[in-house]
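Okay, so here's the structure we're looking at.
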Amino acid sequence: MILFRRISGNSMHPTLCDGDYIIAHNYFFKKLSIGDIVIVDHAIYGEIIKRVSHIDDADNLWLVGDGVDTLSTQKMGAIPRSALAARILWHIKGKA
Amino acid sequence: MLLVFIMAALKFVQAINRGKKMIHKITKALDCVLNFKSVSAHCDVPCGIYDPSTMQVAALTVIRFMDQIAELDGKELTLADQAKLVRLVSEKEIHAEKVKHEVRIMWGDYFKAAQFEACPGTNELVHNIMLTGSKCKQGINRDDSLALLALVNEFASSFWKTKGVETFTATCPYPPAQDVVYPKLG
């Protein structure tokens, strides 16, 4: 499925800024890699967009934001694969 | 020839940027109609609310507790006095720590390159607040608490300067009746 999303917040600044748009998909043909930007359904924070910082031995994802005011990796905790919603495909920047 | 090539390259980049802006405009228009779901690039501190008044009040509180501790000096302390002394010392340390906490948040989260450029002595000032705050926790020297308030006032001046807000100094209308830097708002 292809997802259109509007970015809300600046935790992924400067890569993604508030008001930008992204197109994402949930066809995980290609293996997920460290550094990929993904959308996950977080148990506490809802649908969030972050970068994969590492994948542990239990196949959980650990995420990180690109910005300075981001939630910490520890606060987000280990994200099970089942919470993975999509991977970013295309980014439409608001300010060029 | 080189100049022509550079001009052509610049025009090409400008055209791409115009194209990107156009795509964003089209997407935004679609968003108005289809109302895309937003995805949160969740921030730890999204509120952006910073105000030095909290640490100024905490610094005044430290002075006030030092004064109240000094009032017990030389007295033969009853059990009630001893209980009061323990409480005063404990609260003095809590408020000195509060000053350190607040300045750390404002220095770490609010101050960025532009603010450091506008107030070049900020790093040293914040370090001095941390050191003086610790002195106030460790001892009961009133001069240390006055020095802490002076530093915190200096920080407040810098903070309001970064906001483009003028300040004035006035004596706070309650004990310990010390000079405090206030913003000229409204």
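FYI, it's all coordinate maths here, none of it is from the lab. Just so it is clear, the structure is predicted and the values come from calculations on it, not from any experiment. Note that each Cβ is placed from the backbone with ideal geometry, even for glycine, and that neighbours are counted across all protein chains shown.
How tilted is helix B:79-105 with respect to the longest principal axis of chain B? Cα atoms for both, answer in degrees (0 to 90, nearest 10).
20 degrees
Provide the net charge surrounding B:E91, with neighbours chosen by a C-beta distance below 14 Å and charges set as Lys +1, Arg +1, Asp -1, Glu -1.
+3
Using Cβ counts within 10 Å as a stand-in for footprinting exposure, how do B:V165, B:V99, A:V64 rank, fewest first?
Fewest to most other Cβ atoms nearby, the residues stand as B:V165, A:V64, B:V99.
Take the cross-link list A:K50/A:K75; B:K92/B:K137; B:K21/B:K112; B:K75/B:K98; A:K93/B:K112; A:K93/B:K25 and give me the ones stretching past 18 Å between alpha-carbons.
B:K21/B:K112; B:K75/B:K98; A:K93/B:K112
Using r as the Cβ-Cβ distance of B:T54 and B:T169, and R0 as 22 Å, what FRET efficiency do you calculate, to the nearest 0.05?
Result of the calculation: an efficiency of 0.75.
With charges set only on the Cβ (+1 for Lys and Arg, -1 for Asp and Glu), what does the dipole of chain B come to about its Cα centre, in debye to the nearest 20? Intermediate values should be presented prior to the final figure.
Numbers: 22 positive and 20 negative charges, 295 e Å.
Charge dipole of chain B: 1420 debye, to the nearest 20.
Taking chain B as the reference, fit the longest principal axis to its C-alpha atoms, fit the long axis of helix B:2-34 to the helix C-alpha atoms, and give the angle between the two in degrees, 0 to 90, nearest 10.
70 degrees
Quick check: from the Cα gyration tensor, does chain A come out rounded (a/c under 1.5), prolate or oblate?
Cα axes put chain A in the oblate bin.
Between the alpha-carbon centers of region B:140-156 and region B:63-118, tell me the distance in whole angstrom.
Taking the Cα centre of region B:63-118 as reference, the centre of region B:140-156 is 10 Å away.
At a Förster radius of 41 Å, what calculated FRET efficiency corresponds to the Cβ-Cβ distance of A:D36 and B:L185, to the nearest 0.05?
Result of the calculation: an efficiency of 0.30.
In what sequence do A:T73, B:T61 fall when counting other Cβ within 10 Å, fewest first? Write down the numbers at each step before the final one.
Numbers: A:T73 15, B:T61 19.
Taking fewest neighbouring Cβ atoms as first place, the list is A:T73, B:T61.
With Cβ to Cβ distances under 12 Å as the rule, what net charge do the other residues near B:D67 carry (K, R +1; D, E -1)?
The answer is +1.
With a ≥ b ≥ c the root eigenvalues of the C-alpha gyration tensor of the protein assembly as shown, is it rounded (a/c under 1.5), prolate (a/b larger than b/c) or oblate?
Prolate.
Starting from the amide H of A:T70, placed 1.01 Å from N in the peptide plane, find each other amide H under 5 Å away whose residue is 5 or more places distant or on another chain.
Here B:D44 satisfy the definition.
Please report B:Y174, A:Y21, B:Y110 as a ranked list, fewest other C-beta atoms within 10 angstrom at the top and most at the bottom.
Details: B:Y174 9, A:Y21 24, B:Y110 17.
Ranking B:Y174, A:Y21, B:Y110 by Cβ neighbours within 10 Å, fewest first, gives B:Y174, B:Y110, A:Y21.
Tell me the label-point distance for the pair A:N60, B:K28, using the 7 Å Cα-to-Cβ offset, in nm and rounded to one decimal.
About 4.0 nm, to one decimal.
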